[in-house]
Amino acid sequence: MGNWYAEVYSLYKRRDFLKLDSTMKQRDQLQKVINDLLDKQIDHIRTTENSPKNSKLYFSILLETNELISSTFKLLRLFKEFEEFKMNNKKQN
């Protein structure tokens with residue numbers, strides 16, 4: 001995940017939004033891993049006796065991580081749209 005954020009940061013700094021599609025694929029893979037971990041945790045809770053506090057904490061971390069990834073990507077997409085808007089306005093003037 002750290003590598004993904006490094007790539008997102010690099011895309012933002014360079015304003016290189018052409019690679020957004022490959023970043024989206026990586027985002028989808030990260031979210032799939034998180035969803036798989038959530039499913040495994042659910043199975044683990046069903047089969048063993050766990051501390052409810054630990055399970056709740058783990059679920060919270062996974063869900064917040066998933067939300068962080070989604071929000072980061074939405075922000076990056078908005079930056080791309082804003083850059084395109086600025087370019088179009090420059091061409092019109």
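Worth pointing out:
- Helix 52-92 axis, angle to the chain major axis (alpha carbon atoms, nearest 10°): 10 degrees
- Listed by chain and number, the lysines whose C-alpha is less than 29 Å from the C-alpha of residue 74, apart from same-chain residues fewer than 8 away, are 13, 19, 25, 32, 40, 56, 86, 90, 91.
- Here is how the number arises for the chain: DSSP H runs of 4 or more residues each give -39500 (n - 2.57), the sum is divided by the residue count, and the result at 222 nm is -31500 deg cm²/dmol.
- Modelled label reach - residue 90, point 7 Å along Cα→Cβ, segment 1-31 residues with backbone N closer than 17 Å: 12-18
- Here the chain has 56 percent of its accessible surface on carbon and sulfur atoms, given a 1.4 Å probe and all protein chains in place.
- Entry note, the chain: relative contact order of 34 percent, from Cα contacts under 8 Å with a spacing of 6+ residues.
- Whole-number accessible area per residue in Å² for the chain, which is evaluated in the context of all protein chains at 1.4 Å: 77 Å²
- Note on segment 14-31 and segment 33-63: Cα centroid distance 28 Å, given to the nearest whole angstrom.
- Overall, the ratio between the Cα radius of gyration of segment 1-53 and 2.2 N^0.38 Å, rounded to two decimals, is 1.66.
- Between helix 20-47 and the chain there is an angle of about 10 degrees, using the helix long axis and the longest principal axis of the Cα atoms.
- Structure-derived mean projected area of the Cα convex hull in nm² - corresponding label in [x] 6.9; [y] 10.6; [z] 7.4: [x]
- Summed residue charge, Cβ within 11 Å of residue 1's Cβ, Lys/Arg positive, Asp/Glu negative: 0
- Net charge in the neighbourhood of residue 15 (other residues with Cβ under 12 Å of its Cβ; Lys, Arg +1, Asp, Glu -1) is +2.
The values are calculated or read from the model by the stated rules, or taken from the named source; none is laboratory data. It should be emphasised that the depicted structure is a prediction, and the values quoted were computed from it without experimental measurement. Every residue, glycine as well, gets a Cβ built from its backbone with ideal geometry; the counts of neighbours run over all protein chains shown. Side chains included, ligands, DNA and RNA excluded: accessible areas come from the protein's heavy atoms. Shrake-Rupley method; radii C 1.70, N 1.55, O 1.52, S 1.80 Å.
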